[in-house]
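The values are calculated or read from the model by the stated rules, or taken from the named source; none is laboratory data. Fair warning: this is a prediction, and the values are worked out from it, not measured in the lab. Glycine gets a Cβ as well: all are built from the backbone with ideal geometry, and neighbour counts include every protein chain shown. Keep in mind that these areas ignore ligands, DNA and RNA; they rest on the heavy atoms of the full protein, side chains included. Shrake-Rupley method; radii C 1.70, N 1.55, O 1.52, S 1.80 Å.
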Amino acid sequence: MSADTLAAIAAMSLATIATRFAGLIVPAGFARRGRLEAAFEAMPVAVLAAIIAPTVLATGWPETAAALITLIVAWRSPLIAVVVAGVASAAALRALAPML
Amino acid sequence: MEIARRPRVTFVQAWPRSIAHMGAVQSTRASAGPLMPDRPTGKSPHEPTAFADFRDGVVATLPAMAAATPFAFLLGALATDKGLSTLETGLMSALVFAGSAQFIVLDTWQSPAPWLLVGLVTFVVNFRHVFMSASVLRHMGSFSPGARCAALLFLADENWAFAEARAARGRLTVAYYAGLSGFFYLNWVVSTVAGAYVGRLIRDPRAWGFDFAFIAIFIGLIVGFRSRPGFVVTVTASAGTATLVHLIQPGPLSIALGAAAGVLAAAIAAGPAGARR
């Protein structure tokens, strides 16, 4: 166990906890109406879309096509089917890509 | 060595967008319906028991757990390659519990580790938690202050996303959140430690499409929110901005700026009166 490594892990841990606790400084009852409420309501979709967008739109056509297939499946099917469709189509299209 | 080299760009690219999970399969499905009750509406006559809620949470997170395991193995192998002991590897997963940050830091690991730089990088990579915690706290009205803090300590993309999906269709309880987080956390820590021993067996989880499990989970969850006002505007602004930023400067900045753009666009589109349906 080296002291430098422990210090680095502690710094990582504290930095992460700081971001996880940041929401606590928003007062309770804040953003119950108007534009602010709309902003908070949009947060899950905004964060999730930002997480996946670079992979889906800027990696390559197999990822984009697999995401499209996943999206279509997601419209009607339960999540487990969505995951299976996503993994299977990504694996298949990636395997196919170098042959084209 | 080969493992550390080959997928280098790969983990960093696959990971940050990978870590989220979803709530129970059923609940996510249900959230595709009318998303109404965003606020706790008090007890219904069919209030589920705490155990049922906990179990639903565990079931919801199973696919995310399965998808995270190969990455945890790989992370353990990477940490070993970089000279971390098994104990240090386990400690990092237990205390940080944030896959994208762990991959990025270990990928550029130097010995002796520069703690300040490592802390700053982690803060930037994990900045999205600021949005996530602010948002999920609105649904933790039934949590005690202690439970709220404990819940935030375990906040990761996956359990957060499932918690939001659950809250969108009903009530988020402590038991459900604990079900989402407990085994997912343990699995992450145990699998990284296991990876320190057997991670070399895993080559590239991307080749098998494992990274896409997270993408698919997130797509499914996003679609579940589709009846929210401003949905299209939010997705377009967020995804467009994130992609643009990624093309200019690949890295965690794309998530923070994309999310901010999506939230801003939703606020503008709502108008001063808000978007109450």
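General remarks:
- Rel. contact order, % - alpha carbon contacts under 8 angstrom, at least six apart, region B:228-277: 47 percent
- Fraction of the pair-distance distribution of region B:59-105 above 16 Å, Cα-Cα pairs, percent: 38 percent
- Relative contact order (%) - region A:3-99, alpha-carbon pairs under 8 angstrom, separation at least six: 18 percent
- Full-extension gain in nm, residue A:10 to residue A:92, via 0.36 nm per residue minus C-alpha separation: 25.4 nm
- Table column - 3J(HN,Hα) (Hz), region B:150-164, Karplus curve with 6.51, -1.76, 1.60, x for Gly and Pro: 4, 4, 5, 4, 9, 6, 10, 3, 5, 5, 4, 4, 5, 5, 5
- Counting 0.36 nm for each residue step from residue B:186 to residue B:52 and taking away their Cα separation leaves a gain of 46.2 nm.
- Here is how the number arises for the protein assembly as shown: DSSP H runs of 4 or more residues each give -39500 (n - 2.57), the sum is divided by the residue count, and the result at 222 nm is -23000 deg cm²/dmol.
- Within region A:1-86, the trypsin sites (Lys or Arg not before Pro) that combine a DSSP coil assignment with at most 12 other C-beta atoms in a 10 angstrom radius are A:32, A:33.
- Modelled FRET efficiency - R0 45 Å, residue B:142 with residue A:99, Cβ distances, 0.05 increments: 0.25
- Note on the protein assembly as shown: Kirkwood hydrodynamic radius from all Cα pairs is 20.4 Å, rounded to one decimal.
- Two-site FRET efficiency, residue A:76 against residue A:18, from Cβ-Cβ distance with R₀ of 41 Å, rounded to 0.05: 0.50
- Region B:102-156: chymotrypsin sites (Phe, Trp or Tyr not before Pro) in DSSP coil with no more than 10 other Cβ atoms inside 10 Å: none
- Stretch gain in nm, segment residue B:197-residue B:117, where the contour uses 0.36 nm per residue and the Cα spacing is subtracted: 26.0 nm
- Taken over region B:228-277, the alpha-carbon convex hull comes to 55 cubic angstrom per residue.
- At the listed q of 0.13, 0.21, 0.25 Å⁻¹, the Debye profile of region A:32-100, built from one uniform point per Cα, gives log10 I(q)/I(0) equal to -0.48, -0.90, -1.07.
- Remark: accessible area buried at the A-B interface is about 7000 Å², both chains counted, probe radius 1.4 Å.
- Those residues of region B:93-136 whose amide nitrogen sits under 16 Å from the label point placed on residue A:28, 7 Å along Cα→Cβ: B:134-136
- 0 to 90° range, to nearest 10: angle between helix A:61-76 axis and chain A longest Cα axis: 80 degrees
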